[in-house]
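Novice: I have a structure I would like to understand better, so I am pasting it below and will then ask my questions one at a time.
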Amino acid sequence: MEISLNQISGSERPVLENLFSFYMYELSAFIPLKLNAHGHYVANPKHLDPYWQVPDHTPYWIVCDGELAGFALVRKYPDHPAVYDMDQFFILRKFHGKGIGMRAFQALISRHPGQWQIRVLQENHAALSFWRKTVTRLVGQSFSLRLETDVDLEMHFFRFEHFIEV
């Protein structure tokens, strides 16, 4: 399987917004999201705007063998600008369990070496398991995992450093 990351262009934003509705559907199991009048989950455009307006925000497609498999939204964390934050990460269900998410995240941290954090909703046990396995595989036990408050939600925070070896 060939996994690649492609930066999402502004003209592709409508595709991201469509895919984001599937992501929001998945999140609705853990947070109280509501459908709009047309039966869709719609992202607040203000959340996605920085990915085409702020230099330290980068949106990526995750592509598997030429097929769109998900997306990753990477940014510098507003409260700690030296830290990369995995703002949103989504793999379509048909690609689950094949190592695609892990390989995509490995490519992300290679493109953005430095300090990282990943925030996981407390109730999202599947995501917590994925991230624990992924981070452990990539950095061994050299990470911290703690419950902390992010804005108004208590979440799991993974923190670690990854630097490209020369």
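The values are calculated or read from the model by the stated rules, or taken from the named source; none is laboratory data. Remember, predicted model here, so these are calculated numbers, not experimental data. Counting neighbours? That spans all protein chains shown, and the Cβs are built from the backbone with ideal geometry, glycine included. Keep in mind that these areas ignore ligands, DNA and RNA; they rest on the heavy atoms of the full protein, side chains included. Shrake-Rupley method; radii C 1.70, N 1.55, O 1.52, S 1.80 Å.
Novice: Would the range 31-38 turn up any residue that is touching a residue at least 24 places away in the same chain (Cβ under 8 Å), within 15 Å of the chain's Cα centre (by Cα) and surrounded by 10 or more Cβ atoms within 10 Å (Cβ to Cβ)?
Specialist: No - not one qualifying residue is present in the range 31-38.
Novice: Only residues that are assigned to a strand (DSSP E or B) and under 16 Å from LYS98 (Cβ atoms): list them for the range 47-73, please.
Specialist: ILE62, VAL63, CYS64, GLU67, LEU68, ALA69, GLY70
Novice: Considering only the range 1-11, how many residues are open to solvent by less than 80 Å² (accessible area, probe 1.4 Å), under 17 Å from PHE89 (Cα atoms) and not hydroxyl-bearing (Ser, Thr, Tyr)?
Specialist: Number of matching residues: 4.
Novice: While we're looking at this one, here's another question. So which residues in the range 144-165 are open to solvent by 60 Å² or more (accessible area, probe 1.4 Å) and either in contact with a strand residue (DSSP E or B) (Cβ under 8 Å, 6 or more places away or on another chain) or at positive phi (or both)?
Specialist: Result: ARG146, LEU147, THR149, VAL151, LEU153, GLU154, ARG159, GLU161, PHE163.
Novice: Right, something else. I need the full set of residues from the range 13-24 which are more than 15 Å from the chain's Cα centre (by Cα) and surrounded by fewer than 17 Cβ atoms within 10 Å (Cβ to Cβ), in order please.
Specialist: PRO14, VAL15, ASN18
Novice: Yes or no: ALA82 at pLDDT below 95 and either surrounded by fewer than 21 Cβ atoms within 10 Å (Cβ to Cβ) or more than 13 Å from the chain's Cα centre (by Cα) (or both)?
Specialist: yes
Novice: Between LEU108, LEU138, LEU147, which is out of contact with any Lys or Arg (no Cβ under 7 Å at 6 or more places or on another chain) and over 21 Å from ILE3 (Cα atoms)?
Specialist: That would be LEU147, the only listed residue that is out of contact with any Lys or Arg (no Cβ under 7 Å at 6 or more places or on another chain) and over 21 Å from ILE3 (Cα atoms).
Novice: Out of all the residues in the range 85-118, which are open to solvent by 40 Å² or more (accessible area, probe 1.4 Å) and assigned to a strand (DSSP E or B)?
Specialist: Of everything in the range 85-118, just one residue is open to solvent by 40 Å² or more (accessible area, probe 1.4 Å) and assigned to a strand (DSSP E or B), namely GLN115.
Novice: Which of the numbered conditions does PHE30 fail, given that it passes all the others? Conditions: (1) part of a loop (DSSP other than H, G, I, E, B); (2) aromatic (Phe, Trp, Tyr); (3) farther than 16 Å from ARG119 by Cα.
Specialist: Result: PHE30 fails condition (3) only.
Novice: How many of the residues in the range 119-148 are polar (S, T, N, Q) and assigned to a loop (DSSP other than H, G, I, E, B)?
Specialist: 4
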